[in-house]
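The values are calculated or read from the model by the stated rules, or taken from the named source; none is laboratory data. Quantities reported herein were computed from a predicted structural model and do not represent experimental measurements. Cβ coordinates were reconstructed from backbone atoms using ideal geometry, including for glycine residues, and neighbour counts include every protein chain displayed. Each accessible area value is taken on the protein alone, full model and side chains, heavy atoms only, with ligands, DNA and RNA left out. Shrake-Rupley method; radii C 1.70, N 1.55, O 1.52, S 1.80 Å.
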Amino acid sequence: EAGVAQSPRYKIIEKRQSVAFWCNPISGHATLYWYQQILGQGPKLLIQFQNNGVVDDSQLPKDRFSAERLKGVDSTLKIQPAKLEDSAVYLCASSLDRPPTDTQYFGPGTRLTVL
Amino acid sequence: AQRVTQPEKLLSVFKGAPVELKCNYSYSGSPELFWYVQYSRQRLQLLLRHISRESIKGFTADLNKGETSFHLKKPFAQEEDSAMYYCALSGAGYQKVTFGIGTKLQVIP
């Protein structure tokens, strides 16, 4: 089966600019996750969708980050405006249904550099 | 609050030597524990989970609730085991997964 797709793979922006990341989960997977992984740290969950409803966004900096999952399939994560500390790899993952019992499948990630 | 501690950022072992990657956790309820692995230039992927009680690629991990640990072990390290290993924790139901900072395993030929 095709894996989780993410684009772009790399992005360099200046602080205060805006950026958007796109994720296409594995077909049929109801649950979608966005993680932020800062260099030297483990992935940190930003937001978790179940179909197109938000299950957990407690660690999402809502003053600058937003995410949506239209029609319960693709998802977009946006940062506006970006700060230097947002430099990280942004990982998208999906699972069939009920986390964490169902395995999470990760995408390749988007490496964001904020200058 | 849930927390995962991996005390070693880097673990170097010789090929054929035993491996133990340490993981301790903090969680008030009944935890579900996982090990994820990321090989060079590959995606993060699940290695094993405690509820399955399985051995994957020769690795095993036992949940010790008394010591709140979930150490990953392999009796004889192989060069292809060199990778980044993350311990992760979740609660039952629709609970978020919390990852540790990861341990880089380097197997020396």
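Give the range A:20-38 a look and list any residue that's modelled with pLDDT of 95 or more, more than 14 Å from chain B (Cβ to nearest Cβ) and open to solvent by 40 Å² or more (accessible area, probe 1.4 Å), or say none. Across the range A:20-38, the qualifying residues are A:Ala20, A:Trp22, A:Asn24. Scan the range B:33-42 and give yes if some residue there is outside any strand (DSSP E or B) and either under 11 Å from the mean Cα position of the chain (by Cα) or buried (at least 18 other Cβ atoms within 10 Å of the Cβ) (or both), otherwise no. No, there is no match, as no residue in the range B:33-42 is outside any strand (DSSP E or B) and either under 11 Å from the mean Cα position of the chain (by Cα) or buried (at least 18 other Cβ atoms within 10 Å of the Cβ) (or both).
Screening the range B:61-109 for residues that are assigned to a strand (DSSP E or B), of a type in the set (D, E, K, R) and away from chain A (no Cβ under 14 Å) and picking the one that is surrounded by the fewest Cβ atoms within 10 Å (Cβ to Cβ) gives B:Lys73.
Residue count for the range B:43-60 satisfying the condition of being within 13 Å of another protein chain (Cβ to nearest Cβ), open to solvent by 30 Å² or more (accessible area, probe 1.4 Å) and either within 9 Å of the chain's Cα centre (by Cα) or small (Gly, Ala, Ser) (or both): 1. Exactly one residue out of A:Gln59, A:Gln41, A:Gln48 is within 14 Å of another protein chain (Cβ to nearest Cβ), in contact with a Lys or Arg (Cβ under 7 Å, 6 or more places away or on another chain) and not in a strand (DSSP E or B): that is A:Gln59.
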